[in-house]
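**Student:** I have a structure here, written as structure tokens, and I will follow up with some questions on it.
Just so you know, all these numbers are worked out from the coordinates, no wet-lab data involved. Note that this is a predicted model, so its numbers are computed, not measured. Please note: Cβ atoms are built from the backbone with ideal geometry, for glycine as well, and neighbour counts cover all protein chains shown.
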Amino acid sequence: MRIPMKYGRKGLNIDLPDDTEVDIIKKRVMPVIEDPGLAVETALSTPVASLPLEDEAGKCKDACMLICDNTRPVPNSIILPVLIEKLIEAGLGPSSITVLVATGLHRPNEGDELRELVGSDWVLKNVNVVNHFALNDDDHIYLGTTSKGMPVKIDRRFVNAGLRIVIGLIEPHFMAGYSGGRKVIIPGIAHHDTIRALHSARMLMIDGVENCEIQKNPMHAEQMEAIKMIGRCLAINTVIDEHRNISFINFGGIEESHIDAVLYAKPFFEIPVSRRYRTVITSSAGYPLDRNYYQTVKGMVGAIDILEPGGDMFIVSECTEGLGTKDYAESQKRLINLGIDRFLKETLKKDSASIDEWETVMQIKAMKKGRLHIYSEGLKEEEKMLTGIEVVSSLEGSILKSIKESGDRHIAVIPEGPYVIPVYRQDKKII
């Protein structure tokens, strides 16, 4: 049996014996919008909890739009030209329109990478397209402190804009429940003080900070409290299928439109599963998410609900850019040197996380559930040591070993990794 997995740009086939009982866990088939450009126009004129775009823009002298960085396959090439044309028609001059890349604490997107991200030379030539830098103190405005003590410092280019619009992708997120909406702002264009406070181990270990949970998620609540300090924000929300085709798009108030989009997406992304497995195979969703090991952790956490305690999880992730940042490498070194329990004990003492430490904390959630293995052609030897898990060179051989040791030939495969969240429900069947 040959199973195609999302891996890099080209994918990866896994060959398993025909007598293996395989449950392939995928999104439900999603409808696809035939004319996405027209769908963008329709969304802008029929909003959720706001005026149509032309009326919103008519009251403003300038506009700032946020787009996700290149770790998210947002269809910017379709959305941005239509949106900017509508803003110009509403009376805004091109020089008064800024597209701000919400990098969080990731590196900036520049040159050919920025062109690929924006997807339109016309946009690059006609409006301001710039990156956010979380470490630049002067780029941010302090707006206050949340009830839980998080300092709210946001990029002034967005805060000072007359019209504020975020463009996001609705997908499961292992901390915030679902991505998009408020998350494009915080952490997207927040100062590092804000990002580090939001991602403290104390926050990450609270019940509800998990995939697909919004209403009872304390991280979501913290983000929304901070967003309200900024003032009126609007959002364009998209949902895409496994082939990156647009299935849904809307526009409107940042909270209301985001909830509307999440309600559409949930039945496709959250897949009820009636059992747990000794062997689970997943991915980091392929390019662009699997360019480094840092992002790969999302795939691990996404599959833990159906992993039998002590079972084996295999994840495929190309990692062409290696482990990730130097800060993340330092965090992984501490994990390996201290061990899980001591690492958590020390991080839980801090009000704010060290940069990128949060990804190590999330990996620990998966490590506590079972044995983790990764197949990757991009990691260097010294980087493999810092993963803290087993790096396998023979994927099929390692999977067969797991099946033999467990005595259970029934396995689960999640080709699209963190974009599909299997949820254990004893009374449900796999769909």
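**Student:** Near the amide H of V48, under 5 Å away, which other amide H atoms are found, from residues 5 or more places off or on another chain, if H is placed in the peptide plane?
**Tutor:** Excluding prolines and chain starts, which carry no amide H, the hits are F251, G252, G253.
**Student:** I've got another one for you. Work out from phi, with θ = phi - 60° and the Karplus expression 6.51 cos²θ - 1.76 cosθ + 1.60, the ³J(HN,Hα) of each residue of segment 170-186, listed in order in whole Hz, and give x for Gly and Pro.
**Tutor:** So the Karplus estimates, Gly and Pro as x, are 8, 8, x, 10, 6, 10, 8, x, 9, 7, x, x, 4, 5, 5, 8, 10 Hz.
**Student:** Still on this model: Would you calculate the separation in nanometres between label points at L124 and D19, each defined as 7 Å from the Cα along the Cα-to-beta-carbon direction?
**Tutor:** 5.6 nm
**Student:** Which value in nm describes the separation of the simple spin-label points at D341 and R28, placed 7 Å from the Cα toward the beta carbon?
**Tutor:** About 4.4 nm, to one decimal.
**Student:** I'd like the Karplus ³J(HN,Hα) series for segment 5-17: coefficients 6.51, -1.76, 1.60, θ = phi - 60°, whole numbers in Hz, and an x wherever there's a Gly or Pro.
**Tutor:** 10, 5, 7, x, 8, 9, x, 8, 9, 10, 9, 10, x
**Student:** Please report how far the C-alpha centroid of segment 83-156 lies from that of segment 22-47, rounded to the nearest whole angstrom.
**Tutor:** Segment 83-156 and segment 22-47 have Cα centres separated by 25 Å.
**Student:** If amide H atoms are built 1.01 Å from N in the plane of the peptide, which residues on other chains or at least 5 residues away come under 5 Å of the amide H of V391?
**Tutor:** Correct list: I374.
**Student:** Cα-based Rg of the chain per 2.2 N^0.38 Å, rounded to two decimals? Mind showing how you got there, number by number?
**Tutor:** Values: Rg = 21.4 Å, N = 431, 2.2 N^0.38 = 22.1 Å.
Normalised Rg, Cα atoms only: 0.97.
**Student:** Quick query: amide H of H132 versus all other amide H atoms, modeled in the peptide plane; which residues come in under 5 Å with a sequence gap of 5 or more or a different chain?
**Tutor:** Residues meeting the amide H criterion: V101, T103.
**Student:** On to the next question. Label segment 294-347 by shape, choosing from rounded, prolate and oblate, from the square roots a ≥ b ≥ c of the eigenvalues of the Cα gyration tensor; if a/c is under 1.5 it is rounded, and otherwise prolate applies when a/b is larger than b/c, oblate when it is not.
**Tutor:** Details: a/c = 2.49, a/b = 1.14, b/c = 2.18.
Oblate shape, in that a/c is at least 1.5 and b/c is the bigger or equal ratio.
**Student:** Same structure, new question: Please list, by residue number, every one of the trypsin sites (Lys or Arg not before Pro) in segment 318-410 that is coil in DSSP and has at most 15 other beta-carbon atoms within 10 Å. The partial results should precede the final answer.
**Tutor:** Numbers: sites: K326, K333, R334, R342, K345, K349, K350, K365, K368, K369, R371, K380, K384, K401, K404, R409; in loops: K349, K350, K368, K369, K380, R409.
Here the sparse-neighbourhood loop sites are K349, K350, K368, K380.
**Student:** If you don't mind, there's one more thing I want to ask. Which of P309, M175, I240 sits closest to the plus end of the dipole of the chain, meaning its Cα is farthest towards the positive end, when Lys and Arg get +1 and Asp and Glu get -1 on the C-beta?
**Tutor:** Projecting each Cα onto the dipole axis, the largest value belongs to P309.
**Student:** Output the direction-averaged projected area (hull surface divided by four) of the convex hull of the alpha-carbon atoms of segment 36-268, in nm². Please report the intermediate quantities before stating the final value.
**Tutor:** Numbers: hull surface 46.7 nm².
Here the figure is 11.7 nm², rounded to one decimal.
**Student:** Further question: Pairs of lysines 8 or more apart, or on different chains, with alpha carbons under 27 Å: count those in segment 36-268, would you?
**Tutor:** Within segment 36-268, the lysine pair count is 25.
**Student:** Then there is this: Could you give the C-alpha radius of gyration of segment 333-431 expressed as a fraction of 2.2 N^0.38 Å, taking N as the number of residues it contains? Let's see the in-between values first.
**Tutor:** Details: Rg = 16.5 Å, N = 99, 2.2 N^0.38 = 12.6 Å.
Here the Cα radius of gyration is 1.31 times the empirical estimate.
**Student:** Given the Cα-Cα distance of E41 and S77 and 0.36 nm per residue of separation, how much length would full extension add, in nm? Intermediate values should be presented prior to the final figure.
**Tutor:** Working: separation 36, 0.36 × 36 = 12.96 nm, distance 1.40 nm.
Here the segment from E41 to S77 would lengthen by 11.6 nm.
**Student:** Another question, if that's okay. Helix 254-269: angle to the longest alpha-carbon principal axis of the chain, degrees 0 to 90, nearest 10?
**Tutor:** The helix 254-269 is inclined about 30 degrees to the chain.
**Student:** Something else about it: GluC sites (Glu not before Pro), restricted to segment 1-109: which are DSSP loop and have at most 12 other Cβ atoms within 10 Å?
**Tutor:** Values: sites: E21, E34, E41, E54, E56, E85, E89; in loops: E34.
Here the sparse-neighbourhood loop sites are E34.
**Student:** So for the pair K368, Y424, with labels modelled 7 Å out along Cα→Cβ, what separation do we get in nm?
**Tutor:** The modelled label-to-label distance comes out at 1.4 nm.
**Student:** What is the Cα centroid distance between segment 215-229 and segment 296-338, reported in whole angstrom?
**Tutor:** Between the Cα centres of segment 215-229 and segment 296-338 lies a distance of 27 Å.
**Student:** Suppose every K and R has +1 on its Cβ and every D and E has -1 on its Cβ; what is the size of the dipole of segment 154-256 about the Cα centre, in Debye to the nearest 20?
**Tutor:** Numbers: 11 positive and 12 negative charges, 97 e Å.
Rounded to the nearest 20 debye, it is 460 debye.
**Student:** In addition: Between R2 and R232, 0.36 nm times their residue separation minus their Cα-Cα distance comes to what? Mind showing how you got there, number by number?
**Tutor:** Working: separation 230, 0.36 × 230 = 82.80 nm, distance 5.02 nm.
Stretched fully, the R2-R232 segment lengthens by 77.8 nm.
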